[in-house]
Amino acid sequence: MNTLCKLFIVPFEYHTQEGNPESFREVDFYVLSRDGKKLRTEVKLMAKGNPESADAIFAREPAIFLADKLSDKNKKQAEMLNVHWIELRKDSGYKHFQNVLNALNVPNSDFNGDLNTRLDEILKKSMVSSRTKERKAADNRNLA
């Protein structure tokens, strides 16, 4: 989700993995609309023959359901529950994420570049950021 948000230039303050209320089951990710709505997002990597993974649509009541593969039945169920779905395995399925962002009033920008080049850039920055956080955490442990 972070990668998709970076791909479509969703401002940092409009997406997070933090803030699960104690009363709710764990949610994978949140995007925030311009009017301040915190929209639950569920991410599932599913394979053919594993449709029960889509049960998260019912269990967690997300606004957005992102999956590798969804059956036609899963898509209809999501639509009946007013859940926006994104199927990544489809050709250019990732582009549907921007339609969802627009429908939910989440700020974003068009992506028109080369997908592989941009993904390489995003992932390299994420790796550097992760290593920096790990080093800082190790330094803090050594100081304690």
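Just one of the listed residues (Asn102, Asn116) is at pLDDT 85 or above, assigned to a helix (DSSP H, G or I) and loosely packed, with under 12 Cβ neighbours inside 10 Å, namely Asn116. Tell me, please, whether a residue that is part of a strand (DSSP E or B) and modelled with pLDDT of 80 or more can be found in the stretch 67-80. Checked the stretch 67-80: at least one residue is part of a strand (DSSP E or B) and modelled with pLDDT of 80 or more. Among the residues of the stretch 119-133, those that are loosely packed, with under 11 Cβ neighbours inside 10 Å and either modelled with pLDDT of 90 or more or of a type outside the set (Ser, Thr, Tyr) (or both) comprise Lys124, Met127, Val128, Arg131, Lys133.
The values are calculated or read from the model by the stated rules, or taken from the named source; none is laboratory data. Computed from a prediction, not measured in an experiment: that's the story for all the values here. Backbone-built Cβ (ideal geometry, glycine too); neighbour counts: all protein chains shown.
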